[in-house]
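The values are calculated or read from the model by the stated rules, or taken from the named source; none is laboratory data. Given the structure is predicted, the values throughout are model-derived calculations rather than measurements. With ideal geometry, Cβ positions are generated from the backbone for all residues, glycine too; neighbour counts draw on all protein chains shown.
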Amino acid sequence: MSANSAALQALIFDVDGTLADTERDGHRPAFNAAFREAGLDWHWDEALYGELLAVTGGKERIAHFVARHQPEFAQQPDYAERVAALHKAKTRHYTQLAASGAIPLRPGVARLLHEARSAGLRLAVATTTTPENVSALLVPALGPDAMAWFEVIGAGDVVPAKKPAPDIYLWVLERLGLPASNCLAFEDSENGLKASLGAGLATIVTPCDYTRGQDFGGAAAVLDSLEGVATSDLRAWLSGAAVSV
Ligand code: XBP
Ligand code: MG
């Protein structure tokens, strides 16, 4: 492969856990608020939520919880509609919380995004969460035109199979019109890394509290955060060179 063909052209970011640490104090309380609103006595504490995070996608996570802990709930004739309604309510609670600015970006993220844009790198998002959740998180943090920074936003149900399937990354690459070899992915979890590697993407992992200690084999680098990461480091990681940050 010539150096030009492997030139870094685009950065593809996961959202939850990567751009911001959203799960424990964002998505989790939003799920619990939706359950209370529906008159359900379900409460996902931090430990249980950590187990449920093995399943990506909010609707899928609720179904996983029901199968393991509330199997009778699945016997209702309108079960699928009730799960969808719970997730819709959860998303309302989450977007309200995120739009209030209560969930900050992780250290170094805003600076790296600004630096990447200045360097002419194209930006994209590949996430399991919903598009409205992405906007609610990014606009308070990056300003009213934040969503326009990302040329492609692959989010939620646009693909049939969620992470660890590679579908969302393949969907984003197709719309970028780029091969994986010209892009770098950013993830926080083993599920996310499996998805990005499955799409052939070199991947930088920045674990968060819920994902620290997972298997990040195959990552180009595993970092505490994106603080101090320069675009020159990104180009080196894409080429497979060792980088000390
Ligand atoms: C993380 C997920 C999402 C969120 C909840 O997404 O798996 O399901 O936990 O958001 P990613 P939703 O790390 O790919 O950004 O309820 O909207 O799914
Ligand atoms: Mg994530």
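A155: surrounded by 17 or more Cβ atoms within 10 Å (Cβ to Cβ) and closer than 26 Å to A99 by Cβ, yes or no? Spell out how you get there, then give the answer.
Details: surrounded by 17 or more Cβ atoms within 10 Å (Cβ to Cβ): yes; closer than 26 Å to A99 by Cβ: yes.
Yes.
Could you tell me how many of the residues in segment 30-49 are surrounded by 17 or more Cβ atoms within 10 Å (Cβ to Cβ) and not in a loop (DSSP other than H, G, I, E, B)?
Restricting attention to segment 30-49, the residues satisfying the condition of being surrounded by 17 or more Cβ atoms within 10 Å (Cβ to Cβ) are 30-35, 42, 44, 49.
Filter again for not in a loop (DSSP other than H, G, I, E, B), leaving 30-35, 49.
Residues in segment 30-49 being surrounded by 17 or more Cβ atoms within 10 Å (Cβ to Cβ) and not in a loop (DSSP other than H, G, I, E, B): 7 in total.
Name the residue, out of L170, L137, that is part of a helix (DSSP H, G or I), surrounded by 22 or more Cβ atoms within 10 Å (Cβ to Cβ) and touching a residue at least 12 places away in the same chain (Cβ under 8 Å). Quick ask: steps written out before the conclusion?
On the way: L170 fails: surrounded by 22 or more Cβ atoms within 10 Å (Cβ to Cβ).
Going through L170, L137 in turn, the sole match is L137.
Would you be able to say whether some residue in segment 94-106 is crowded, with 17+ Cβ neighbours inside 10 Å, under 28 Å from T231 (Cβ atoms) and out of contact with any Gly (no Cβ under 7 Å at 6 or more places or on another chain)?
To start, the set of residues in segment 94-106 that are crowded, with 17+ Cβ neighbours inside 10 Å comprises 94-95, 97-98, 103, 105-106.
Narrowing the set further to residues that are under 28 Å from T231 (Cβ atoms) leaves 98, 103, 105-106.
Checking the rest, the ones that are also out of contact with any Gly (no Cβ under 7 Å at 6 or more places or on another chain) come to 105-106.
Yes, some residue in segment 94-106 is crowded, with 17+ Cβ neighbours inside 10 Å, under 28 Å from T231 (Cβ atoms) and out of contact with any Gly (no Cβ under 7 Å at 6 or more places or on another chain).
Looking at D233 and the list (1) more than 16 Å from ligand 1 (Cβ to nearest atom); (2) touching a Gly at 6+ places or on another chain (Cβ under 6 Å), which single condition is not satisfied?
With respect to (1) more than 16 Å from ligand 1 (Cβ to nearest atom); (2) touching a Gly at 6+ places or on another chain (Cβ under 6 Å), D233 is out only on (2).
Hey, among A54, A102, A85, which residue is part of a helix (DSSP H, G or I), at pLDDT 95 or above and either among the hydrophobic types (A, V, I, L, M, F, W, C) or within 16 Å of ligand 1 (Cβ to nearest atom) (or both)?
On the way: A54 fails: part of a helix (DSSP H, G or I); A102 fails: part of a helix (DSSP H, G or I).
Within the list A54, A102, A85, the selection yields A85.
Which of the residues that make up segment 186-209 are β-branched (V, I, T) and either assigned to a helix (DSSP H, G or I) or over 22 Å from L52 (Cβ atoms) (or both)?
Taking segment 186-209 first, the residues β-branched (V, I, T) are 203-206.
Within segment 186-209, T203, I204 meet the criteria.
Among the residues of segment 31-39, is any farther than 20 Å from T129 by Cβ, outside the structural domain of N191 (by TED's automatic domain parsing), touching a Leu at 6+ places or on another chain (Cβ under 8 Å) and at pLDDT 95 or above?
Checking segment 31-39: at least one residue is farther than 20 Å from T129 by Cβ, outside the structural domain of N191 (by TED's automatic domain parsing), touching a Leu at 6+ places or on another chain (Cβ under 8 Å) and at pLDDT 95 or above.
Yes/no matrix, rows are residues, columns are (1) within 12 Å of ligand 2 (Cβ to nearest atom); (2) hydrophobic (A, V, I, L, M, F, W, C):
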| position | (1), (2) |
| --- | --- |
| E174 | no, no |
| L178 | no, yes |
| K194 | yes, no |
| G200 | no, no |
| Q214 | yes, no |
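All but one of (1) in contact with a strand residue (DSSP E or B) (Cβ under 9 Å, 6 or more places away or on another chain); (2) in a helix (DSSP H, G or I); (3) within 16 Å of ligand 2 (Cβ to nearest atom) hold for Y94; state the number of the condition that does not hold.
(1)
Among the residues of segment 14-22, are any in a helix (DSSP H, G or I), touching a helix residue (DSSP H, G or I) at 6+ places or on another chain (Cβ under 8 Å) and either at pLDDT 95 or above or among the aliphatic types (A, V, I, L, M) (or both)? First the steps, then the outcome.
First pass over segment 14-22, keeping only residues in a helix (DSSP H, G or I): none.
No, segment 14-22 contains no residue that is in a helix (DSSP H, G or I), touching a helix residue (DSSP H, G or I) at 6+ places or on another chain (Cβ under 8 Å) and either at pLDDT 95 or above or among the aliphatic types (A, V, I, L, M) (or both).
Cβ contacts < 7 Å: first residue closer than 19 Å to G156 by Cα, restricted to segment 49-73; second residue loosely packed, with under 15 Cβ neighbours inside 10 Å and among the hydrophobic types (A, V, I, L, M, F, W, C), any location; separation 6+ or different chain. Result?
From residues that are closer than 19 Å to G156 by Cα, the pairs are K59/A84.
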